[in-house]
2 protein chains.
Amino acid sequence: MKTREKILLCSLDLFNERGERNVTTNHISAELAISPGNLYYHFRNKSDIIYELFQQYEQLVGYYLTTPEDRPLTVADMRGYLESVFDGLWSYRFLHRDLEHLLENDARLRQDYREFTGRCLDAINRIFEGLAEGGVIQSQPEELRQAMSLNVWLVVTNWMAFLKTAQGNNRQVEITKRQLKQGIYQVLTLEVPYLMPAYRGEVLALREQYRPELPLTMMEPAPA
Amino acid sequence: MKTREKILLCSLDLFNERGERNVTTNHISAELAISPGNLYYHFRNKSDIIYELFQQYEQLVGYYLTTPEDRPLTVADMRGYLESVFDGLWSYRFLHRDLEHLLENDARLRQDYREFTGRCLDAINRIFEGLAEGGVIQSQPEELRQAMSLNVWLVVTNWMAFLKTAQGNNRQVEITKRQLKQGIYQVLTLEVPYLMPAYRGEVLALREQYRPELPLTMMEPAPA
DNA sequence: CTATTATTAGAGTATATACTCTAGGGAGTC
DNA sequence: GACTCCCTAGAGTATATACTCTAATAATAG
């Protein structure tokens, strides 16, 4: 594998594990057993690495969130959206952590992220429309649907941060993918009151699959 | 005013304005025109300042969220809770920004914040119960109510962060209190489907008062 | 083989930042 | 006046971190 590619992969790993803030370019090069100079040959600076990872993320989520134009959406579709979006979130989870700091220091990222948010909100909105067409949820006025979409976005993008704060006494709180996916439970909670009778049971059963075992604020870090 | 108190007030101001991360102890002492040594005479370290500010915040919100035991809740109560909680959020908004980093570096804060979260979730839950008793919203099974409360918490605590990311092209995005309070609109959106007919109109009218003028992702920073 | 380009090493630097240390001023008390 | 206690000054330090610079080495093209 090319060094450049290795740097990206290694950076992503370290960022996800320890948080971008706690990973220096020296750490990255040390982990790869290359010199700092080498790293800076391939990337002008740390921001460029982050930006490129963000672009990967953007592309991935954009791909996940496409909606078919020729048919309404089903419960299976919805599940697919949730699963894949949370997968993406997991793979690039460092982004949604120190996000504010990242945006503060990179104008490109700031701009792109803003547009990305807009596209995602639109996509969520279209998914709600599709689900209404498919008879899964009630149709709602545009205004309400948009506000709902925004709430979905807030829950999805901040679920990880909540887990980290609500959990454990250790400095390095390790979140599992399973826990992250309990965010799906919270998103489906938002939909509960809008479910049509015909699909209510099915969606509630799906929701149960993501239910946390314990109330979240009582969760302790998994023993090592 | 005592120097100690001045340090707390000044720190809070600077933290809120520029973000905790961008404010050093040297900045604080410079702003106050005192020496760093002086600051460190009053506080052992930066974390101690933050921790004391957090305790103020905790107390404030704890006070805001108390529920009367002798009567059900009204729409006016609900409005009061939302207004005051968002006021508190505004006054200590730096806390909910770099929260993860703050918790990572202070075990006391980590522990306290976790308990604080638990208490807040309980309080939100009790408020929902009170509103159901008061006939404002439908009564819901415990499990659903808890998940709803958690969603409310997620929206409330992350609304500020969303505004900062969704808005403007400037490094230092200035959020107004008015914009922050649009978070109330989002919280009330969560309640819409549960409103009882008798109060539906009233709550929807209340909600309208917090409606953003523009779709949020199109919002530009206010011209200087 | 030679010339050129792409890649790598690794010591070194500029800057920032939380914090320390010593010395002393001012006000009240005996 | 001397003692004590609270408070203050401000130069200085240890450490971290993003990044640079020079030189050397592989890879490739002609």
For this session: Among the residues of the range B:1-30, count how many are in contact (Cβ under 8 Å) with a residue 24 or more places away in the chain and within 15 Å of residue A:101 (Cβ to Cβ).
Result: 5
Seminar exercise, completed: Residue set B:103, B:121; condition touching a Lys or Arg at 6+ places or on another chain (Cβ under 8 Å) and not assigned by TED's automatic domain parsing to the domain that holds residue B:21; output residue B:103
Exercise. Which of the following residues is more than 30 Å from residue A:185 (Cβ to Cβ) and buried (at least 19 other Cβ atoms within 10 Å of the Cβ): A:98, A:106, A:48, A:70?
Worked result: A:106
Exercise. Got at least one residue in the range A:21-29 being out of contact with any helix residue (DSSP H, G or I) (no Cβ under 8 Å at 6 or more places or on another chain), open to solvent by 50 Å² or more (accessible area, probe 1.4 Å) and not polar (S, T, N, Q)?
Worked result: no
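Within the range A:1-23, track down each residue that is basic (Lys, Arg) and either in a loop (DSSP other than H, G, I, E, B) or within 21 Å of the chain's Cα centre (by Cα) (or both). Reasoning before the result, please.
Step one: filter the range A:1-23 for residues basic (Lys, Arg), giving A:2, A:4, A:6, A:18, A:21.
Across the range A:1-23, the qualifying residues are A:2, A:18, A:21.
Give the residue, chosen from A:151, A:158, A:125, that is of a type outside the set (A, V, I, L, M, F, W, C), within 21 Å of the chain's Cα centre (by Cα) and more than 10 Å from every other protein chain (Cβ to nearest Cβ). Please lay out each step first, then the result.
Values: A:151 fails: more than 10 Å from every other protein chain (Cβ to nearest Cβ); A:158 fails: more than 10 Å from every other protein chain (Cβ to nearest Cβ).
A:125 is the lone residue from the list that is of a type outside the set (A, V, I, L, M, F, W, C), within 21 Å of the chain's Cα centre (by Cα) and more than 10 Å from every other protein chain (Cβ to nearest Cβ).
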Exercise. Can you name the helices (runs of 4 or more DSSP H) wholly within the range B:24-107 that have at least 1 residues being within 14 Å of DNA strand C (Cβ to nearest atom) and within 14 Å of another protein chain (Cβ to nearest Cβ)?
Worked result: B:46-64, B:99-104
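The values are calculated or read from the model by the stated rules, or taken from the named source; none is laboratory data. Note that the structure is predicted; figures quoted are calculated from it, not measured. Don't worry about glycine lacking a Cβ; one is built from the backbone with ideal geometry, like all the others, and counts go over all protein chains shown. Areas reflect the complete protein model, heavy atoms only, side chains present, ligands, DNA and RNA absent. Shrake-Rupley method; radii C 1.70, N 1.55, O 1.52, S 1.80 Å.
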